[in-house]
Structures are given as structure tokens and as C-alpha cells.
Amino acid sequence: MSTTTRSLLESYYQAINAQDMEQFLALLADDVTHDVSQGEREVGKSAFARYMKRKMSRFREHIFNIEIMTNEDGSRAATEYTVLGVYLDTEEGFPAANGQTYRLPGGAFFEIADGKISRVSGHYNLRNWLMQIST
């Protein structure tokens, strides 16, 4: 396993958990591709920054139980994790937010180039999340 890639992804999740956008964006390639779970593909740091800003204003999440797997040269990686969250502000097209909590398994696939994250494809079970916030 590539220790450089492992360290990069550990820093990525630390920045997310700390809501440190400056550190988060520093880990990404300028032309990063972000495949949003259940959504569209976005390209570029500014698009990813807008996504994260919206997400952080509507959800308070902590990612833990992170498992990191990489290929031999560290150019590709996958993570599996658990998200502990609070739904703070209503996301358009979804049920009203009123502080519902949720615990959700998730995962992501990454491409790494020149020491930066060049692609993130996040995945989670939307039906599971909807069931948890609708009760």
C-alpha cells in the first residue's frame, strides 16, 4: 500500500471532519473530478468548494471507522467509512430538516496524480439515509 496515498487520504478526512476548507482544497488537483453520490459529475476545485460549503451548512457530519485501501503504486484508492450526522437545514427536494440524526455507511473511490486527489467518487445508500431522517 502506498503510504503517501494513505497519508493524503487521512489528511482529506481530517480536513472534512475539522471543516477546514483551506486544508481540504489544498489536497485537491485544480481540475479535480467529483462524482457526487446520486448526482452529477463536477469538475474543478471551485465546484467542489461550492458543494462542500452547501453540504457543511446543511449537515454536521463526522466521518469515522475509515478504512483505506490503495493499489500498489498509490494512483488509485478506496475508502469505506461510517458517517455520524445531523440534518440541520433542509436540502432541496428532501424532507424538512429538524435536527434528525443519522448513522450511515459510505465509501469513496479516488484517483491520485502528482501527490493530489484528482478524482473523488462518493457513494452512500440514499434510501437508508431517507429512512433515518423521516422517522
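A short reminder: the numbers here are calculations on the coordinates, not readings from a lab. Just so we're clear, the structure is a prediction, and the values are computed from it rather than from any experiment. Positions of Cβ are generated from backbone atoms using ideal geometry, with glycine treated the same way; all protein chains shown enter the neighbour counts.
Modelled this way, with points 7 Å down the Cα-to-C-beta line, the labels at LYS53 and GLU91 are 1.9 nm from one another.
Coupling constants for the range 76-89 follow from the phi torsions by the Karplus curve (6.51 cos²θ - 1.76 cosθ + 1.60, θ = phi - 60°), and in residue order they are 9, 8, 9, 10, 10, 7, 10, 10, 10, x, 10, 8, 8, 9 Hz; glycine and proline get x.
Going through (1) -0.92; (2) -0.54; (3) -0.39, the figure that equals log10 I(q)/I(0) by the Debye sum over Cα atoms at q = 0.11 Å⁻¹ as computed for the structure here is (3). Taken about its Cα centre, the range 3-133 carries a charge dipole of about 400 debye when Lys and Arg each add +1 at the Cβ and Asp and Glu each add -1 at the Cβ. One decimal place: the segment SER46-MET69 gains 5.6 nm when fully extended, by the rule 0.36 nm per residue minus the C-alpha distance. Close amide H contacts of ALA97 (hydrogens built in the peptide plane, cut-off under 5 Å, sequence separation of 5 or more or a different chain): THR90, GLU91.
Find which of TRP129, VAL32, THR5 sits farthest along the positive direction of the dipole of the range 3-133, computed with +1 on the beta-carbon of Lys and Arg, -1 on that of Asp and Glu, about the Cα centre. Value computed over the given set: TRP129.
Taking GluC sites (Glu not before Pro) that fall in a DSSP loop and have at most 13 other Cβ atoms within 10 Å as cut points, what is the longest piece of the chain between them? That would be 93-135.
3J(HN,Hα) along the range 24-35, derived from phi through the Karplus expression 6.51 cos²θ - 1.76 cosθ + 1.60 where θ = phi - 60°, amounts to 4, 5, 5, 8, 9, 5, 4, 9, 3, 9, 10, 8 Hz, with x in place of Gly and Pro.
Here the extension length gained between GLN100 and LEU126 equals 7.9 nm, from 0.36 nm per residue of separation less the Cα-Cα distance.
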